[in-house]
Every structure is written in structure tokens, then in C-alpha cells.
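What follows is a set of notes on a single structure, which appears directly below.
Quick note: the coordinates plus some simple rules give every number you see, no bench work behind them. Keep in mind that this is a model prediction, so the values were computed, not measured. Backbone-built Cβ (ideal geometry, glycine too); neighbour counts: all protein chains shown.
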Amino acid sequence: MSRTSSPMEILKLLDKSNCRKCGKPTCMAFAVAVFNGQKQLAECPMLEGSVVEQYHGSVARHVPLDQDLNVTIERLKKGIAAIDLPSSARRLGATFADEKLTMKCLGRDFSVDAAGNITTGLHVHGWIVVPALNYVIDGAGTPLSGDWVSYRQLEAGQARYPLFAQMCEKPCQKLADADTDLFEDVLSLFGSPIDNCHSSDLSFVFYPLPRVPILIRYWKAEDGLESNLSFLFDSTTTENLNIESVYLLGTGLVIMFEKIALKHGLQLP
Ligand code: SF4
């Protein structure tokens, strides 16, 4: 029996026709669902039986994301205990007082002590805690360049970009298309608008971590052209945060936007 360790490996098995016969809109969405144990490989009628048999049982036992993140958080807390927090604070331009390193995440204080205990004004979710702890442990503290690049242009971002587009940019674009005014209100809760950013209809910059800003730009559909939405990152991003955590920040932000928008009456098609 062969094994798979990521949605991209599962995607490689599929014919990538996006025919929707499995009930998912794209082969990538199906690959992610299989990876998370929500779908079985056999539900793709385009796959040959020999391939299904070869991978049977190897792709539906992945740990659910939340559980996976909790395990990662516990491991990172041990990593925090092994570093010199005051020196991390100096490197990252954070403050160190009352035995805690404190920095701003999305405008709220995020503090961690030498045992990895966290206090923050944010809701504590794995998608922010894992990147924040990784940032404290490994972040180089490189100053921002001011040059914005796409996820695929970040180091090791090219291979992961299809998943990032599927799980982050596309769902975010769907929110913006469904109700642009409400989407703008939600963005303004956590980000700052930027005027005239490449003629986009909406541009907001977010600071989920001090030296890991994210720029979201959105163009409405017009004159027969489809809408467009992109996430951009400072070109120094992966010096301050690993690419997996950058992915978590992006997808976590979108899940948060969606929850808030739905709470305020957004109707998704
Ligand atoms: S049925 Fe198979 S080929 Fe068609 S969209 Fe789903 S995964 Fe892709």
C-alpha cells in the first residue's frame, strides 16, 4: 500500500479535469477533502481501480487540522522554553517586560512567557498561535523591504501555491463577490485601507505579525471581466516566518472573515 503525506501528492494521482463528478468543484478541493478524511479516493470515478486499491487506507487517517495544531502548539511551547526570550524580543523589535515577550498581532497584544504560556486580546486559535510561536522562535527580525510579492514568489511558495489559492484566495474572493460592502466592513475591523493601490476597488493591509504584513487587493467584476482577488506579502516574509505558517495565517484570516461576515447576514451562493 502506497502512502501520501500531503494534498499535493493526492492531487498528482487525479486527472485534474475538474469535472465535479466527485461532488467537489475542483480536483484540488477533492484532494484536500481526501487528505482531511472527508472523502475517499474511490469517490473520484475517473481514477482507475488499481490506483484506488494501491492507496486504499493510506490517505484517510490524517489527523484533523485542529488536533494537529494543538500537537504543534505543545511542541512549540517546548521550543519557547529552550530559547532566550529577552534576546528574541530584541531581535524581533518586540518588548520584554514582566518576564513576557509582547508584540502586536492584528493590532492586539500577544504575550508569551518562558514556559510558553500565552496571553492575548485575540481569540486564541491555532492559526495565529502556531505562526506567532514560530515567529518568536525562528524569526530573523529582518526589516520589511516594502516590495510586495505573491505567495508563489516566496521561497518554497511555488509548489504550495495551488493549495494556497484554493484554500485562501478563492474563498476570500467568494466572500468579496457575495457582498463587497460587508466584505469591506469586515476587512476594516482588522486592517488599514490603502488608497489607489494598482487601481483596485479594495486594498487593505494587515499585520497578523509585526514583520509579516499581508496585503489583500480586490477588483470587482466589470465589462465582462471576472473579479480578482490576491494576497501579497513583503518579499522578506520567509526570513521571518516559515512558509507553512504563512499559509496558516492566510487561511486563518479568511476563515475569520467568513465567520464574521456570516454572523452579519452574509448569504453565500
Ligand atoms: S471526479 Fe475526480 S477528476 Fe473529477 S473533479 Fe473530482 S477529483 Fe477531479
The chain: calculated mean residue ellipticity at 222 nm from DSSP helix runs of at least 4, using -39500 (n - 2.57): -12500 deg cm²/dmol
Nearest-20 debye value, region 130-190 charge dipole, Cβ charges on Lys, Arg, Asp, Glu: 340 debye
Amide H contacts under 5 Å for Asp109, placed H, 5+ residues apart: Gly121
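Using unit Cβ charges (K, R positive; D, E negative) and no other charged atoms, how large, in debye to the nearest 20, is the dipole of region 71-140 about its Cα centre? Before the final figure, lay out the partial values.
Details: 8 positive and 7 negative charges, 31 e Å.
With only Lys, Arg, Asp and Glu charged at Cβ, the dipole is about 140 debye.
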Region 112-246, dipole about Cα centre (Lys/Arg Cβ +1, Asp/Glu Cβ -1), debye to the nearest 20: 380 debye
Distance from region 80-155 to region 236-269 (C-alpha centre basis), Å: 17 Å
For region 21-33, 3J(HN,Hα) per residue [Karplus equation, 6.51 cos²θ - 1.76 cosθ + 1.60, θ = phi - 60°, Hz, x = Gly/Pro]: 5, 8, x, 10, x, 9, 5, 5, 4, 5, 4, 5, 5
Relative contact order (percent, whole number), region 148-263, Cα cutoff 8 Å, 6+ residue spacing: 31 percent
Prolate/oblate/rounded call for region 70-185, Cα gyration tensor, a/c under 1.5 rounded: prolate
Among Phe96, Leu202, Pro143 - extreme Cα towards positive end, dipole of the chain, charges at beta-carbon: Phe96
For the chain, with +1 on Lys and Arg beta carbons and -1 on Asp and Glu, the positive-most of Thr26, Gln40, Ser192 along the dipole: Gln40
Cα radius of gyration and Dmax for the chain (Å): 19.9, 61
Percent breakdown of C-alpha pair distances by 10 Å bin, ordered from the shortest bin, for region 7-55: 30, 65, 5
Candidates Gly93, Gly139, Gly23, ranked by Gaussian network fluctuation over the chain, Cα under 10 Å, top entry: Gly23
Length-normalised contact order of the chain in % [C-alpha pairs under 8 Å, at least 6 apart]: 17 percent
